[in-house]
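Enquirer: Quick one: structure below, then a few questions.
The values are calculated or read from the model by the stated rules, or taken from the named source; none is laboratory data. For clarity, every value in this text was computed on a predicted model and none was experimentally measured. Cβ placement follows ideal geometry from the backbone for every residue including glycine, while neighbour counts extend to all protein chains displayed. For accessibility, only protein heavy atoms count, side chains too; no ligands or nucleic acids. Shrake-Rupley method; radii C 1.70, N 1.55, O 1.52, S 1.80 Å.
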Amino acid sequence: MSLRTDAEAGFVDIAANALSVLILVTIIVLIVSIVPSPRGEVRADNRPALPFPVEIDPSVQPFNSYWYVTEAGLTPIPLRQIAQSVFNGEKVIETVFGKFFFQNSRRTYRDVAEFRLGFVPDSKRIAEAAISISGEDEIERAVDQFSMEFEESYIVPTFFVEKSGFDIFARIHSAMRNADLPLRWVVRRPGVTLTIMRDANQFETRAATWR
Amino acid sequence: MALVSRWIGRISLVVLAAMVLLMEATDVSPPPSPPPPPCGSGSDRSGLAVVLNATGDPIAEIMARVDCGETKQKAEETASDESLRMAGDICLMRYPGLLSGVSREIRQKFAAAVIAAQDGGIDLLREIEANANGMTAWRAAMEIARIAERAGDRQTALAALARARLISDVPAACQSDMELIAGRLAEDDDVAAAYFDSAVLADPGNFAAHVERALGGATLRAETPQACADAVERIMESVVYLETLTRSSSQLLRIKRRAEVLNENAPQRALLDGFILERIGRKREAAAIYGRAMAELETGLCDERLRRALAIRLDRVVQK
């Protein structure tokens, strides 16, 4: 210090002070800009734009009815006959709707009633047996029937939708959502077997409303 | 000398700024919640006590047991069973190995009955039941009862349940299912509540039984103060069990919405709603519900006890 001139000493002072001011300002800026943790809750009061299935009793599973949707309309797939054939011991059941493949539960089963039932539909013959729903009143009648089945018998429809049937299904879907009726649907891709089953894995969580 | 004082000045400035920064950092973390009351005299009773002693303040006792974590601990013991599938709709699905050695043919017949369900399943099951005995016959009778109950056919369901009860050596988890169906079929709310109590006693891992028990407690029209205290206990215990079994807030909210749909204006519903919100962490909403319910309580048989319950819960919620 004694080797510097007065002018140089002054400049060093200014630089050092400026540095400490800079440090101080940085610290203040850091303190002020700490993002406050959100207090309270962030949630939407309104129902989301794409509603999820209707609320049903969380502890009682509804009955299922199966419907196949093609461009020709809706085809009900009653399982009574197929069940009778399975009861009699058949493993491959040919019906007018397609082929059903029954597979028993694994050797280490939990419930005796576990099973897998594969379904390979015959789209052409299904379309022939379809109930046509092209007009608004026909859709309304279909929705009324689903509503009655739900109210009286606690039956919820499951739709197998083919690509050609998307237009029709979209209208049924929106009509049923407007009527607040539960439903579930599966897209049937060509070549893929649809499987109806009862299995211990389905009961791993209760994330799904019903299966 | 000037140099030293200058450096002392700068260092003290930096130290001061650092201290301010550290104090700010500690302020951001929330204050520690007060420790829950210690579990004490209640620990000699099981976590699922159903009979309350008439002396003392039963409401405070229930709340203390829940808040000290005793109920939660019992629930954790149940939920920690690796083989439990608590969502299973019948005991055989919930626990493994309860009915083994059944032939493929009979299992195929059972599967056929489940495929048919309401559309002819009962006839198939009657055939199975006629040719079976022991737990196989029990399973067939129970499936008839379950299908009939879902379809609204009380007569058939009660008859099938009576036949199922005749089977001997039924494991406790399966007795729980019989009690659950009996509760669902009961017409009197108090009788139903008693059935649900015995269902959860037989199998604490029976999710559906806890749901029915909590909803029953929330919608019961209590006639006596004792019934009120019982309803409060059912709500509190079963919600803790449900929360532990599912570990999913969306499931609890679903139950809460189901209570709304049932639309009974029993005042205990506020306790159910508030307690569910409390357990999933929405404390402010819970406090609002408790406060509103307390304001709306009138002077009735149950309201005295309910006011006490709501006051204790509000106190806990606001504390944290």
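Enquirer: Using unit Cβ charges (K, R positive; D, E negative) and no other charged atoms, how large, in debye to the nearest 20, is the dipole of chain B about its Cα centre?
Expert: I would put it at about 1200 debye.
Enquirer: Sticking with this structure for a sec: What are the trypsin sites (Lys or Arg not before Pro) within the stretch A:105-154 that DSSP puts in a loop, where the Cβ has at most 16 other Cβ atoms within 10 Å?
Expert: Answer in residue order: A:ARG106, A:ARG107.
Enquirer: Ignoring everything except DSSP H segments at least 4 long, calculate the 222 nm mean residue ellipticity for the protein assembly as shown; use -39,500 (n - 2.57) per segment, divide by total residues, nearest 500.
Expert: Taking each H run of at least 4 residues, the total per residue is -18000 deg cm²/dmol.
Enquirer: Using only Cα atoms and rounding to the nearest 10 degrees, what angle (0 to 90) does helix B:249-262 make with the longest principal axis of chain B?
Expert: Approximately 60 degrees, to the nearest ten.
Enquirer: Positive end of the charge dipole of the protein assembly as shown (Lys, Arg +1 and Asp, Glu -1 on Cβ, about the Cα centre): tell me which of B:ALA173, B:ALA79, B:SER5 has its Cα farthest that way.
Expert: Selected residue: B:SER5.
Enquirer: Can you give the mean number of other chain Cβ atoms that lie within 10 Å of the Cβ atoms in peptide A:191-202?
Expert: Mean partner-chain Cβ count within 10 Å for A:191-202: 2.
Enquirer: I would also like to ask the following. Please average, across the residues of A:20-28, the number of beta carbons from any other chain that are within 10 Å of each residue's own beta carbon, and give a whole number.
Expert: Neighbouring Cβ atoms belonging to other protein chains average 4 per residue here.
Enquirer: Considering the options B:LEU262, B:THR224, B:ALA160, tell which one lies farthest towards the positive end of the dipole of chain B, charges being +1 on Lys and Arg and -1 on Asp and Glu at the Cβ, about the Cα centre.
Expert: B:LEU262
Enquirer: Using a probe of 1.4 angstrom, how much of the accessible area of the stretch B:183-284 is carbon and sulfur, in percent?
Expert: Reported share for carbon and sulfur atoms: 43 percent.
Enquirer: Using a 1.4 Å probe over the heavy atoms of the protein chains, calculate the carbon and sulfur portion of the accessible area of the stretch A:57-174 as a whole percent.
Expert: 49 percent
Enquirer: Taking amide hydrogens as modeled 1.01 Å from N in the peptide plane, which residues meet the under 5 Å criterion relative to A:GLU204, leaving out close sequence neighbours?
Expert: Residues meeting the amide H criterion: none.
Enquirer: For the pairing of chain A with chain B, what total accessible surface becomes buried, with a 1.4 angstrom probe, in square angstrom to the nearest 100?
Expert: Rounded to the nearest hundred, the buried surface is 5500 Å².
Enquirer: While we're on this one: Name the residues of the stretch B:144-189 whose accessible area, probed at 1.4 Å, falls by at least 50 Å² once all protein chains are in place instead of their chain on its own?
Expert: Residues meeting the cut-off: B:ARG150.
Enquirer: Where does the longest stretch of chain B lie that holds no GluC sites (Glu not before Pro) found in a DSSP loop with 15 or fewer other Cβ atoms within 10 Å? List each step's numbers first, then the result.
Expert: Values: sites that count: B:GLU82, B:GLU187, B:GLU223, B:GLU264, B:GLU298.
Maximal segment without exposed cleavage sites: B:83-186.
Enquirer: Please give the residues from the stretch B:81-95 for which the solvent-accessible area of heavy atoms, probe 1.4 Å, is smaller by at least 20 Å² with all protein chains in place than with the chain isolated.
Expert: Going by heavy-atom accessible area, the residues of the stretch B:81-95 that drop by at least 20 Å² are B:ARG85, B:MET86, B:ALA87, B:ASP89, B:LEU92, B:MET93.
Enquirer: Angle, helix B:225-246 long axis vs. longest principal axis of chain B, Cα atoms, 0 to 90°, nearest 10?
Expert: Compared with the principal axis, the helix lies near 80 degrees.
Enquirer: Right, something else. Do you know the Lys pair count in chain B for C-alpha distances under 27 Å, with sequence separation 8 or more or different chains?
Expert: 9
Enquirer: Still on this structure, I have one more. Kindly sort B:LEU306, B:LEU297 by accessible area of their heavy atoms, largest first, with the probe set to 1.4 Å.
Expert: Listed by decreasing accessible area, they come as B:LEU297, B:LEU306.
Enquirer: Moving on to the next point. At q = 0.13 Å⁻¹, what log₁₀ I(q)/I(0) does a Debye calculation on the Cα points of the protein assembly as shown give, no solvent, two decimals?
Expert: -1.30
Enquirer: Turning to a different aspect of this structure: Express in nm, to one decimal, how much length is gained between A:GLU152 and A:ILE23 on full extension, taking 0.36 nm for each residue of separation and deducting their alpha carbon distance.
Expert: 38.9 nm
Enquirer: Same structure, new question: How much accessible area per residue does the stretch B:185-234 have, in Å², with a 1.4 Å probe? Numbers along the way, then the final one.
Expert: Details: 1560 Å² over 50 residues.
For the stretch B:185-234, the solvent-accessible area averages 31 Å² per residue.
Enquirer: While we're looking at this one, here's another question. If you average 1/r over all unlike Cα pairs in the stretch B:176-216 and invert the result, what Kirkwood radius do you get in angstrom?
Expert: Details: mean 1/r = 0.1070 Å⁻¹.
Radius from the Kirkwood sum: 9.3 Å.
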